[in-house]
Amino acid sequence: MTPEEKLQSLGLELPDVATPLGSYLNACRSGSLLHISGGLPIMGDKKYLGKVPSECSVEEANQAARLAMLTRLAVIKAELGSLDRVTRVVAVSGFVNATPDFTDHPKVINGASDLLVEVFGDLGKHSRTAVGCSSLPLGVAVEVGLVVEVQG
């Protein structure tokens, strides 16, 4: 089953790719590595805002990380034409808009990591950073970025 077929079997649809809000690219390729800019958990009217866990629960933030990663997969498809060209997920960077005493950042970013493994299988396993921040753009609960290895 291809990655896009796996997304469909999960009942997931890739969103439209948002235009960057500043002087950066959604993705930048260097050799066989495609670096994907950080993405937010916003798709249409669905968005996850606020500090974890005081305004957004850990479970909601986990879903936010999943949604943010889905937007990143859309960027990859837009850049490459197909998710089939991903040969390996290399690294994920996850940022959590957290209260100062929050320490379960990995539980939140697991939402993004788990989606990658569901879509790419063992090739979706990656290195990862999961950190807390005092704020994130637009007041979102999480932001995720990644690096993938690609063919061609």
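The values are calculated or read from the model by the stated rules, or taken from the named source; none is laboratory data. Everything numeric in this text was worked out from a predicted model, so none of it was measured. Quick reminder, even Gly has a Cβ in these numbers, built from the backbone with ideal geometry, and neighbours come from all protein chains shown.
What are the residues in the range 83-108 that are buried (at least 22 other Cβ atoms within 10 Å of the Cβ), aliphatic (A, V, I, L, M) and either within 15 Å of the chain's Cα centre (by Cα) or over 16 Å from residue 61 (Cα atoms) (or both), if any? Listed by number, the residues that qualify are 86, 89, 92, 96, 108. Has the range 70-79 got any residue that is touching a Cys at 6+ places or on another chain (Cβ under 6 Å), modelled with pLDDT of 95 or more and either at positive phi or buried (at least 19 other Cβ atoms within 10 Å of the Cβ) (or both)? Looking for residues that are touching a Cys at 6+ places or on another chain (Cβ under 6 Å), modelled with pLDDT of 95 or more and either at positive phi or buried (at least 19 other Cβ atoms within 10 Å of the Cβ) (or both), one finds none in the range 70-79, hence no. Scanning the range 109-144 for residues that are of a type in the set (S, T, N, Q) and either part of a helix (DSSP H, G or I) or under 14 Å from the mean Cα position of the chain (by Cα) (or both) yields 110, 113, 127, 129.
Checking the structure you have, find out if any residue of the range 136-148 is over 21 Å from residue 18 (Cα atoms), of a type in the set (Val, Ile, Thr) and in contact (Cβ under 8 Å) with a residue 24 or more places away in the chain. There is no residue in the range 136-148 that is over 21 Å from residue 18 (Cα atoms), of a type in the set (Val, Ile, Thr) and in contact (Cβ under 8 Å) with a residue 24 or more places away in the chain.
Residue count for the range 10-39 satisfying the condition of being of a type in the set (Gly, Ala, Ser), touching a helix residue (DSSP H, G or I) at 6+ places or on another chain (Cβ under 9 Å) and touching a residue at least 60 places away in the same chain (Cβ under 8 Å): 3. Restricting attention to the range 57-69 and to residues that are in contact with a strand residue (DSSP E or B) (Cβ under 7 Å, 6 or more places away or on another chain) and touching a residue at least 60 places away in the same chain (Cβ under 8 Å), the residue that is surrounded by the most Cβ atoms within 10 Å (Cβ to Cβ) turns out to be 65.
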